[in-house]
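Here it is, the structure, as structure tokens.
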Amino acid sequence: MRPSRNKSKQRDAILSCIQGTVCHPTAQWVFDQLKPRMPELSLGTVYRNLSILREDGQIQSVGFNGGMEHFDGDLHPHAHFFCTVCGRVSDLMEIEIPPAPKVAEGDIEAVSLCFHGQCHFCKKEI
């Protein structure tokens, strides 16, 4: 994890917003949550700060679903489930993430495990 950059009110609010939810938000979701309290906030500022927070190791990207990148404030190793119907992303804490193998090509810095399918909410609608 890199040392954090200079703090800002907006970055702190974005980090708090992501760490305060389990919904694996997108930049647009974060923007929609914070805009009423921070009228000066722009979507571009949210994107820039999400990138900084990810680079600094304060949040993680869990990947793209429906063309949108999703983020997670929980940095503990855990798997994710992506619903291919509604776009919901959820944690799968009960699945153990295997340790990264030793490889000759370099050092592995992260391992992720994602499952894609239909969530139980979407299955009920069938």
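The values are calculated or read from the model by the stated rules, or taken from the named source; none is laboratory data. Everything quoted here is computed from the prediction, not taken from an experiment. Don't worry about glycine lacking a Cβ; one is built from the backbone with ideal geometry, like all the others, and counts go over all protein chains shown. Protein only, heavy atoms only, side chains kept; ligands, DNA and RNA dropped before computing areas. Shrake-Rupley method; radii C 1.70, N 1.55, O 1.52, S 1.80 Å.
I'd like to verify a number: residues in the range 18-44 that are open to solvent by less than 20 Å² (accessible area, probe 1.4 Å) and in a helix (DSSP H, G or I), how many?
Final tally of qualifying residues: 4.
Follow-up. Which residues, taken from the range 79-126, are assigned to a loop (DSSP other than H, G, I, E, B) and charged (D, E, K, R)? Before you say what the answer is, go through the steps one by one.
Filtering the range 79-126 down to residues assigned to a loop (DSSP other than H, G, I, E, B) leaves 84-88, 93-102, 104-105, 107-113, 118-119, 125-126.
Of everything in the range 79-126, those that are assigned to a loop (DSSP other than H, G, I, E, B) and charged (D, E, K, R) turn out to be R88, E94, E96, K102, E105, D107, E109, E125.
Within the range 18-58, track down each residue that is over 20 Å from P77 (Cα atoms), within 18 Å of the chain's Cα centre (by Cα) and among the hydrophobic types (A, V, I, L, M, F, W, C).
Residues satisfying the conditions are A27, W29, V30, F31, L34, L43, V46, I52.
Additional query: Of the conditions (1) at pLDDT below 95; (2) open to solvent by 50 Å² or more (accessible area, probe 1.4 Å); (3) within 29 Å of H116 (Cβ to Cβ); (4) touching an Asp or Glu at 6+ places or on another chain (Cβ under 9 Å), H78 fails just one. Which one is it?
(2)
A further question follows. Criterion first (open to solvent by 20 Å² or more (accessible area, probe 1.4 Å), closer than 26 Å to S112 by Cβ, aliphatic (A, V, I, L, M) and within 13 Å of the chain's Cα centre (by Cα)) does L15 satisfy it? Step through it out loud before you land on a result.
Working: open to solvent by 20 Å² or more (accessible area, probe 1.4 Å): yes; closer than 26 Å to S112 by Cβ: yes; aliphatic (A, V, I, L, M): yes; within 13 Å of the chain's Cα centre (by Cα): yes.
Judged against the criteria, L15 is a match.
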